[in-house]
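Visitor: If you scroll down you'll find the structure; I have some questions about it.
The values are calculated or read from the model by the stated rules, or taken from the named source; none is laboratory data. In this text the structure is predicted, and so the values were computed from the model without any measurement. For neighbour counting, all protein chains shown are included, and Cβ atoms are generated from backbone atoms with ideal geometry for every residue, glycine included. What goes into the accessible areas is simple: the full protein's heavy atoms, side chains included, and nothing from ligands, DNA or RNA. Shrake-Rupley method; radii C 1.70, N 1.55, O 1.52, S 1.80 Å.
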Amino acid sequence: MALFLEQVVNGLTLGAYYALVAVGLALVFGVARLVNFAHGEFFMLGAYVLYFAYGVYHLPYGVAVLLVVLGLAVFGAVFHRLIYQPVMHRVWHVQLIATLAASFILVNVAIIAIGSTQRSAATPLVSEVLTLGDVHVAYQRLLVLGVALLAFVALQQFIQRTPQGRAMRAIAQNREAAQVLGIDLAQVTRLTFVLSAALTGLAAGLVAPLYLIFPTVGSLLTLKAFAVVVIGGMGNATGALIAAFIVGLAEAFGAGYISVEYRDAIAFILMIVVLLWRPLGLMGQRVGI
């Protein structure tokens, strides 16, 4: 029972991690109709910002996380201006190649500028453990889960209740009609990239202390986030949130009860199974976020 409960906590933490990244990817696809294959590199950049802010310059952890989120939000706007906006009216495969090229460039710039040595930004919360009977959980994992849930509630309120959120939903549902009504496509997609990058920055600030940091840390994450988005339904942020926790729990139980060697394959196996059952994903629909 102790092993089961620990895997539940690990799965929820992993699900929160995937959700913070995948929901941003789903938002970009829903609004910009773009699969951003440089999305994992956003996490990598955020992890390095945390490493330098907290590990090198010894800023307070909360301040370092805030700096990561704000820095990634600015980077999202820059990415939109330099990578997406020049190709936003081109065919989809041109946009795809642009994000792939950006991914390779960011990884190699990180290798040249920082090196490929693995680094750590572990906080005291990683080693401090909450013990409930036979169950042991690091406080850092509880922090990931709690802050992520608060972020999702805030994001849902933003999308549902603010004019900017309604504009994002309108473009996701019918881009041409939204533009006819005067909604600025470039401005809304820029905001979407900013939100997407900020969520990924939050993931980096919370999760990077649990793992090692290196230039290719985001490569597999991009593919897993894409699998989560497909499982939940392309462009559906709520579906991506639910799918992320399903994948996180499945990976945790797979690693705990089968073998850790097969953990990275579970997300893609689930994606294939779901596509065979529901080709549009669990909450897939042709329009909407």
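Visitor: Do you know which residues across the stretch 189-218 are assigned to a loop (DSSP other than H, G, I, E, B) and farther than 30 Å from Arg175 by Cβ?
Guide: Hits for the stretch 189-218 are Tyr211, Leu212, Phe214, Pro215, Thr216, Val217.
Visitor: What are the residues in the stretch 84-96 that are touching a Phe, Trp or Tyr at 6+ places or on another chain (Cβ under 9 Å) and open to solvent by 30 Å² or more (accessible area, probe 1.4 Å), if any?
Guide: Applying the first criterion (touching a Phe, Trp or Tyr at 6+ places or on another chain (Cβ under 9 Å)) to the stretch 84-96 yields 84, 95-96.
Leu96, the sole residue that qualifies.
Visitor: Of everything in the stretch 26-47 that's outside any helix (DSSP H, G or I) and at negative phi, which residue is surrounded by the fewest Cβ atoms within 10 Å (Cβ to Cβ)?
Guide: Val35
Visitor: Out of Ile171, Ile159, report the one residue that is in contact with a Ser or Thr (Cβ under 8 Å, 6 or more places away or on another chain) and of a type in the set (Val, Ile, Thr).
Guide: Only one candidate passes the filter, namely Ile171.
Visitor: From Ala110, Ala121, Ala64, grab the single residue that is in contact with a strand residue (DSSP E or B) (Cβ under 7 Å, 6 or more places away or on another chain), crowded, with 17+ Cβ neighbours inside 10 Å and within 22 Å of Gly205 (Cα to Cα). Steps first, please.
Guide: Working: Ala110 fails: in contact with a strand residue (DSSP E or B) (Cβ under 7 Å, 6 or more places away or on another chain); Ala64 fails: in contact with a strand residue (DSSP E or B) (Cβ under 7 Å, 6 or more places away or on another chain).
Being in contact with a strand residue (DSSP E or B) (Cβ under 7 Å, 6 or more places away or on another chain), crowded, with 17+ Cβ neighbours inside 10 Å and within 22 Å of Gly205 (Cα to Cα) holds for just one of Ala110, Ala121, Ala64, which is Ala121.
Each row is one residue, and each column tells you yes or no for (1) among the β-branched types (Val, Ile, Thr); (2) surrounded by fewer than 23 Cβ atoms within 10 Å (Cβ to Cβ); (3) modelled with pLDDT of 90 or more; (4) more than 22 Å from Val9 (Cα to Cα).
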{"residue": "Leu202", "(1), (2), (3), (4)": "no, no, yes, no"}
{"residue": "Pro209", "(1), (2), (3), (4)": "no, no, yes, no"}
{"residue": "Gly233", "(1), (2), (3), (4)": "no, no, no, yes"}
{"residue": "Leu249", "(1), (2), (3), (4)": "no, yes, yes, no"}
{"residue": "Val260", "(1), (2), (3), (4)": "yes, yes, no, no"}
{"residue": "Ala267", "(1), (2), (3), (4)": "no, no, yes, no"}
{"residue": "Leu276", "(1), (2), (3), (4)": "no, yes, yes, yes"}
{"residue": "Arg286", "(1), (2), (3), (4)": "no, yes, no, yes"}
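Visitor: Return yes when Ala178 is at pLDDT below 90, surrounded by 14 or more Cβ atoms within 10 Å (Cβ to Cβ), over 23 Å from Gly248 (Cβ atoms) and out of contact with any strand residue (DSSP E or B) (no Cβ under 7 Å at 6 or more places or on another chain) and no when it is not.
Guide: Details: at pLDDT below 90: yes; surrounded by 14 or more Cβ atoms within 10 Å (Cβ to Cβ): yes; over 23 Å from Gly248 (Cβ atoms): yes; out of contact with any strand residue (DSSP E or B) (no Cβ under 7 Å at 6 or more places or on another chain): yes.
For Ala178, the condition - at pLDDT below 90, surrounded by 14 or more Cβ atoms within 10 Å (Cβ to Cβ), over 23 Å from Gly248 (Cβ atoms) and out of contact with any strand residue (DSSP E or B) (no Cβ under 7 Å at 6 or more places or on another chain) - is met.
Visitor: Within the stretch 129-146, take every residue that is open to solvent by 40 Å² or more (accessible area, probe 1.4 Å), part of a helix (DSSP H, G or I) and among the hydrophobic types (A, V, I, L, M, F, W, C) and give me the one that is farthest from Glu6 (Cα to Cα).
Guide: Here is the first cut: in the stretch 129-146, the residues open to solvent by 40 Å² or more (accessible area, probe 1.4 Å) are 129-134, 136, 139, 141-143.
Then keep just the ones that are part of a helix (DSSP H, G or I); that gives 139, 141-143.
Next, only the ones that are among the hydrophobic types (A, V, I, L, M, F, W, C) stay: 142-143.
Numbers: Leu142: 12, Leu143: 15 Å.
This residue is Leu143.
Visitor: Within the stretch 57-93, can you find the residues that are modelled with pLDDT of 95 or more, of a type in the set (Val, Ile, Thr) and either more than 18 Å from Leu221 (Cβ to Cβ) or assigned to a loop (DSSP other than H, G, I, E, B) (or both)?
Guide: Val63, Val65, Val74, Val78
Visitor: Would you pick out the residues in the stretch 147-163 that are surrounded by fewer than 16 Cβ atoms within 10 Å (Cβ to Cβ) and in a helix (DSSP H, G or I)?
Guide: Listed by number, the residues that qualify are Leu149, Leu150, Val153, Ala154, Gln156, Gln157, Phe158, Gln160, Arg161, Pro163.
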